[in-house]
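The values are calculated or read from the model by the stated rules, or taken from the named source; none is laboratory data. Note that this is a predicted model, so its numbers are computed, not measured. Reconstructed Cβ throughout: ideal geometry from the backbone, glycine too, with neighbour counts over all protein chains shown. The accessibility values were calculated without ligands, DNA or RNA, using every heavy atom of the protein model including side chains. Shrake-Rupley method; radii C 1.70, N 1.55, O 1.52, S 1.80 Å.
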Amino acid sequence: FGIGHGFSCPTGFPGEQCQDPKFVGEPVFTKESDLDNFNFKHSPGSPAVGAGLSLPSVTLDYSGASRPNPPSIGALEP
């Protein structure tokens, strides 16, 4: 969401989300280092929660928590 690189949303890919994922304590990003030590967990009410595509081979998130079906978009479940 909002990263740039010449992409615009929607792109036409199925299930894509073109809205702020509402991360916990989301800062205003002005440079790459703003991502250092950033909490990538979703806030309550995030449109990314339960909006991912289920992949049978991916059963755990980045921290080792079980992925529900459908999973959340991103590396971490809420």
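Run through the chain and list the trypsin sites (Lys or Arg not before Pro) located in a DSSP loop whose Cβ has at most 12 other Cβ atoms within 10 Å.
On the way: sites: K22, K31, K41; in loops: K22, K31, K41.
When the trypsin sites (Lys or Arg not before Pro) of the chain are filtered for loop state and at most 12 Cβ neighbours within 10 Å, K31 remain.
A dipole drawn for the chain from +1 and -1 charges on Cβ atoms has a positive end, and of A75, T59, N39 the residue lying farthest that way is T59.
The Cβ shell under 12 Å around E77 holds other residues with a net charge of +1, Lys and Arg each +1, Asp and Glu each -1. For the chain, the relative contact order comes to 25 percent (Cα pairs under 8 Å, sequence separation of at least 6). Residue-normalised convex hull volume from the C-alpha trace of the chain: 113 Å³ per residue. Under 5 Å between amide hydrogens, built in the peptide plane, is the criterion, and for F23 it picks out S43 among residues at least 5 positions away or on other chains.
Using the Karplus relation 6.51 cos²θ - 1.76 cosθ + 1.60 with θ = phi - 60°, the per-residue 3J(HN,Hα) values for the range 50-67 come to x, 10, x, 9, 6, 10, x, 7, 10, 9, 10, 7, 4, 8, x, 6, 5, 8 Hz, with x marking Gly and Pro. Applying both filters, DSSP loop and at most 16 other Cβ atoms within 10 Å, to the chymotrypsin sites (Phe, Trp or Tyr not before Pro) of the chain gives F1, F7, F29, F38, F40, Y62.
With all protein chains present, how much of the accessible area of the chain (probe radius 1.4 Å) comes from carbon and sulfur, to the nearest whole percent? Carbon and sulfur: 60 percent of the exposed surface of the chain.
So, with +1 on the Cβ of K and R and -1 on the Cβ of D and E, and no other charges, what is the size of the charge dipole of the chain about its Cα centre, to the nearest 20 debye?
Values: 4 positive and 8 negative charges, 33 e Å.
Rounded to the nearest 20 debye, it is 160 debye.
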